[in-house]
Amino acid sequence: MFKVITHNHGKFREIEKIVSKAEMLEMEYPEIQTNSLESVVDFALNYLASRIEGNFIIDDSGLFIPALNDFPGVYSAYVFETIGNDGILCLMEGKKDRRAYFKTVIGLRYRGYNFKFIGICHGEITEEPHGSEGFGYDPIFRPEGYDKTFAEMSVGEKNKISHRGKALRKLRGFLERMGEI
């Protein structure tokens, strides 16, 4: 069994669809302010290693918008809580370049060692929110090659193409090679 450290039930649902031996553990830990998701995950893995027995998984994700100098990036959760999708859409008003990408770094503490698995999904910021599925920025992010947002997709459909789905498939492949699943 792998403990998934998160308060986000939507994120956990996405994880358990790919890593079936998962259980959610809601636990507070400090999230450092830095310029990379990898650094945030490294810190969290090391911090939690002395506080959690056994194997565990953490995830840090961000929405990066080149027209906004990759904002909100590593501050995505805070920015979403503060200004939400409406705030991002206001910042994007008048911008012709609406490209964006989601990046996820999955951290795995496994048998006393740390591993990271990265997934990226390119797309664009829509002009207005669409859909009611998912969470966070899903209603305003349309993945490349699709005519609907993440919030208009089922969890299964989103997992096939999303940043988190890509990182989780890498994690799953690793766990399969280790004989865990």
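Summary table below
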| read-out | value |
| --- | --- |
| All positions within region 86-105 that are exposed (fewer than 14 other Cβ atoms within 10 Å of the Cβ) and closer than 22 Å to Asp60 by Cβ | Gly87 |
| Some residue of region 60-67 being of a type in the set (Phe, Trp, Tyr), under 30 Å from Met24 (Cα atoms) and crowded, with 19+ Cβ neighbours inside 10 Å | yes |
| From Gly165, Gly134, Gly145, Gly179, residue being at pLDDT 95 or above and of a type outside the set (Ser, Thr, Tyr) | Gly145 |
| Odd one out for Phe56 among (1) more than 20 Å from Phe80 (Cβ to Cβ); (2) surrounded by fewer than 18 Cβ atoms within 10 Å (Cβ to Cβ); (3) without any contact (Cβ under 8 Å) to a residue 60 or more places away in the chain; (4) not hydroxyl-bearing (Ser, Thr, Tyr) | (2) |
| Per-region count, region 1-31, residues in contact (Cβ under 8 Å) with a residue 12 or more places away in the chain and farther than 26 Å from Phe150 by Cβ | 4 |
| Any pair with Cβ under 6 angstrom, 6 or more apart, that starts in region 90-101 at a residue that is without any contact (Cβ under 8 Å) to a residue 60 or more places away in the chain and ends at one that is loosely packed, with under 14 Cβ neighbours inside 10 Å | Arg99/Pro66 |
| Region 84-122 - residue that is among the β-branched types (Val, Ile, Thr) and within 16 Å of the chain's Cα centre (by Cα) and, of those, farthest from Leu37 (Cα to Cα) | Ile120 |
| Unmet requirement for Ala44, which otherwise passes all of (1) surrounded by 16 or more Cβ atoms within 10 Å (Cβ to Cβ); (2) more than 21 Å from Arg172 (Cα to Cα); (3) of a type in the set (Gly, Ala, Ser) | (2) |
| The lone exception for Ile83 - which of (1) buried (at least 16 other Cβ atoms within 10 Å of the Cβ); (2) farther than 20 Å from Met24 by Cα it fails | (1) |
| Failed item, numbered, when Arg13 is tested on (1) of a type outside the set (Phe, Trp, Tyr); (2) within 21 Å of Arg172 (Cα to Cα); (3) crowded, with 17+ Cβ neighbours inside 10 Å | (3) |
| Scan of region 1-34 for residues that are modelled with pLDDT of 90 or more, in a loop (DSSP other than H, G, I, E, B) and among the aliphatic types (A, V, I, L, M), ordered by number | Met27 |
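The rows are residues; the columns are (1) under 22 Å from Ala67 (Cβ atoms); (2) buried (at least 17 other Cβ atoms within 10 Å of the Cβ); (3) among the basic types (Lys, Arg); (4) out of contact with any His (no Cβ under 9 Å at 6 or more places or on another chain).
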{"position": "Phe117", "(1), (2), (3), (4)": "no, yes, no, yes"}
{"position": "Cys121", "(1), (2), (3), (4)": "yes, yes, no, no"}
{"position": "Glu124", "(1), (2), (3), (4)": "yes, yes, no, yes"}
{"position": "Glu127", "(1), (2), (3), (4)": "yes, no, no, yes"}
{"position": "Gly136", "(1), (2), (3), (4)": "yes, yes, no, yes"}
{"position": "Pro139", "(1), (2), (3), (4)": "yes, yes, no, no"}
{"position": "Pro143", "(1), (2), (3), (4)": "yes, yes, no, no"}
{"position": "Glu152", "(1), (2), (3), (4)": "no, yes, no, no"}
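The values are calculated or read from the model by the stated rules, or taken from the named source; none is laboratory data. Remember, predicted model here, so these are calculated numbers, not experimental data. All Cβ positions, even for glycine, are placed from backbone atoms using ideal geometry, and neighbour counts span all protein chains on display.
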